Amino acid sequence: MDTLTRDPASPGDGGWHLTPADHALVAAKSRANRLRFAVMLLFFRDRGRFPRGSDMLDPQPIARLASALNIPLSPEPFGFDTGDRTLERQRAEIRILFDFREATVADAAALGTWLCDHAVAQSRDHDRLAAELEVRCRTLRIEPPTPDRVERIVRGAVRAYEDHFTAAIHGRLAAEVRDRLDALLRPAAATTSDDDEAAGLARRRRREADAVGAFAATGGEYRRDGSQRAVSLLRRNRAGEARPEDRACAGHMGEEGAFQPG
């Protein structure tokens, strides 16, 4: 299929050109729509999606493209607003050209599951996860959802990962240990005096010592160390600060609540 190609003599500098077949495709549009159509075609080929605004476009290649099409470059920015029937029709034409399709509700759910299983363990940064989702969409030949929808998918994937992570650890602990850890992590009641505050702190430290002691009840320095690691894991995950290696650690939890040698 003869499509838009990057000029091999100037990679990465916006030096794109339209093939003869592309020129014929652009020429079939009204003169007022040719440059915008060519820009969308070029951008979609490079990114697997359409530009979301004129601020995403480098003016230099746009000027060269306008010159190649013999079209005066208007000072007004391009309009990429949805609801323009001509724009939507041209987008559909470009999707067909590159064998892409729009994302469905089922696609959004599948993308969220993929992020949860393959990306969230490495990073909780939403921008990075959104970029990973965009790459995944291109692999599947799906036009990415809108930015707002992408953000919702990313948030849902992070939340699902953290829920699964916490449940995996919590489910491997003995009932007594779960009760003590829940009490340890529960916010302390408000205090009304310095004495009450000191007493509350002392109680919190005793609960923490009890929780660690319960883990180590079967004896051995390794089990005591594993207990402290378990408490740290739960604290970090409750605070949204779990680390990539924590997921692997969770898999080594023993049925009695202590970490077992790998």
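Fully extended, how many nm does the chain gain between Leu97 and Ala131 (0.36 nm per residue separation, minus their Cα-Cα distance)?
Contour length minus Cα-Cα distance gives 9.9 nm.
Phi-derived couplings, Karplus 6.51 cos²θ - 1.76 cosθ + 1.60 at θ = phi - 60°, listed residue by residue for segment 17-33: 9, 9, 6, x, 5, 5, 4, 5, 5, 5, 5, 6, 8, 5, 4, 5, 9 Hz, with x used for Gly and Pro. Taking amide H as placed 1.01 Å from N in the peptide plane, the amide H of Glu143 sits under 5 Å from that of Arg101, Glu102, Ala103, each at least 5 places away or on another chain.
Over segment 5-99, all Cα pairs binned in 10 Å intervals from 0 give whole-percent P(r) values of 15, 54, 30, 1, listed from short to long. Between Arg155 and Ala27, the C-beta separation translates, for a Förster distance of 45 Å, into a calculated FRET efficiency of about 0.50.
Work the Kirkwood hydrodynamic radius out for segment 102-168: mean of 1/r over every pair of different alpha-carbon atoms, inverted, in Å.
When all Cα pairs of segment 102-168 are included, the Kirkwood radius is 11.7 Å.
Computed from point charges on the beta carbon alone (+1 for Lys and Arg, -1 for Asp and Glu), the dipole magnitude for segment 5-99 about its Cα centre is near 240 Debye.
Since every read-out is calculated from the coordinates, none of them should be taken as a lab result. All of these numbers come straight from a predicted model, not from anything done at the bench. Using ideal geometry, Cβ is built from the backbone for each residue, glycine included, and neighbour counts are taken over all protein chains shown.
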